[in-house]
Structure formats: C-alpha cells, structure tokens
C-alpha cells in the first residue's frame with residue numbers, strides 16, 4: 001500500500017503533466033504570434049460629442065478587447081509558430097475550418113486600423129497628393145464621399161466601408177462582418193465601422209447620421225494620406241518589440 005508521501009508525489013506529477021497541456025502555459029513559451037489591444041490614440045472622451053465616451057469604452061474596452069483575447073487563444077498552435085498575425089489571418093481566410101480564428105483576428109486588425117482613422121477635430125476634405133488621387137479616381141471628393149455614404153448605408157447587417165487602393169486606382173468597397181480588403185489584395189486607406197456597436201448608444205438605428213458625423217468631424221486625413229503614400233500593403237498588428245534590459249554598470 002503506497003505511503004502518504006508516495007500519494008502526494010503521484011498527485012504532484014499528475015498535476016504537473018496536466019499543466020503542460022494548458023493553452024495558457026503553451027502560449028507563454030511557444031513562439032506563436034500574438035496581437036495586443038493597443039491604447040487609443042486619443043482620450044476615451046476625445047471624440048465627443050460625435051462619438052460618446054460610453055460608446056468608445058464599450059467598443060474598444062469590451063468588443064475590441066474580446067477579439068484580441070480570442071484571437072490569441074486560437075493562434076496557439078504549432079502550425080502558426082514563427083508566423084506574423086497578418087500571415088495567420090491570410091491563412092485563416094482560405095480555410096473554412098479556421099473561420100473562428102479569422103473572424104476574431106480580422107476584427108482585431110480592422111479595429112486597430114479604425115481607431116487610427118479617427119481623431120478629434122478631424123473630417124472635412126483631404127488635401128495634397130491624396131486629394132489629387134481621389135479626384136483622378138472619382139472625379140471629386142464629393143463623389144468619393146457619396147460612394148462612401150452609399151456603401152455604408154447599403155451594407156446589410158454588420159460590416160465595414162473602406163477607401164482602398166487597387167494599384168494606382170482608388171476605390172470604395174464594403175465588407176460584411178469581419179471581412180477585410182487585405183485578403184482581396186487591396187490596400188486599405190480608410191475605414192468606417194458600421195457594426196451597430198460602433199454607433200447604437202449614440203445614434204440608435206440612424207447609421208446615416210453616424211457616418212455623416214465621422215466624415216464631417218472625425219476622419220484623420222493625415223493617417224489616410226500616410227497610408228496612401230507608403231508603398232506596399234498596410235501591415236498592422238506587429239507586436240511591439242520587447243524592451244531591452246538596462247545594461248549593467
């Protein structure tokens with residue numbers, strides 16, 4: 001009959017073995033990709049009165065945070081080791097079995113991009129080379145804006161409306177749910193979130209009023225112009241580098 005000491009040793013090794021199967025333990029050690037919930041680039045109440053502090057608090061602190069948490073859980077897998085989050089998103093977009101991963105990871109990508117598209121005292125019209133490209137592709141900013149508003153209102157259910165670059169041509173596209181133009185080979189320049197959680201506390205079912213407020217008062221044209229000027233695709237969600245330890249004196 002085993003001694004009490006032997007029983008405790010057995011229990012210890014069983015628990016130790018089970019801990020090795022825990023995704024939380026694995027995610028800490030395995031070189032799997034991770035996404036983070038970045039801080040907002042402005043104060044939570046900075047977009048008022050157009051978007052309330054309450055809406056931003058729920059949208060960023062609850063919805064966006066939940067996508068990040070779930071995406072990180074689902075990326076803990078040997079097949080994703082050594083890959084970047086954007087690479088994983090592209091893989092998941094092609095595999096129906098990874099729909100849950102794609103939805104959460106793409107929503108993390110979309111939201112990180114969306115927050116940067118906004119700023120206090122923004123909106124109005126673009127200027128410089130971006131404005132010239134818009135005129136070349138649409139005829140005028142007024143026409144481009146009309147297409148953005150039409151796409152936003154025409155998106156049935158949840159989704160996003162985007163200004164994208166397709167080579168040298170700018171286009172307005174809309175995507176449903178978590179879909180992103182990145183998976184279509186298009187370069188996002190600007191997006192507006194038209195999921196209800198983006199506006200319902202402030203505008204209820206008046207999506208058109210929300211989109212108008214964003215375009216009139218909140219678009220960060222400097223960020224949009226920087227996306228336009230930068231060569232290659234936009235690549236968000238690169239995890240911040242680990243801080244280097246202070247050197248010994």
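FYI, it's all coordinate maths here, none of it is from the lab. It should be emphasised that the depicted structure is a prediction, and the values quoted were computed from it without experimental measurement. Backbone-built Cβ (ideal geometry, glycine too); neighbour counts: all protein chains shown.
List of remarks:
- Nearest-0.05 FRET efficiency for residue 34 and residue 142, computed from C-beta distance (R0 45 Å): 0.60
- Put in order of Cβ neighbour count within 10 Å, fewest first, the listed residues 193, 202 become 202, 193.
- Gained length - residue 132 relative to residue 166, 0.36 nm times residue gap less alpha-carbon distance: 10.7 nm
- Calculated FRET value between residue 87 and residue 197, using beta carbons and R₀ = 25 Å, to 0.05: 0.35
- A straight chain from residue 209 to residue 94 at 0.36 nm per residue would run longer than the Cα-Cα distance by 37.8 nm.
- When you restrict to C-alpha pairs under 8 Å that are six or more residues apart and normalise by the size of segment 128-229, the relative contact order lands at 25 percent.
- Paramagnetic label reach from residue 53 (point 7 Å along Cα→Cβ; backbone nitrogen cut-off under 19 Å): within segment 118-137, residues 119-121.
- Taking label positions 7 Å along the Cα-Cβ direction at both residue 45 and residue 63, the computed distance is 2.2 nm, reported to one decimal.
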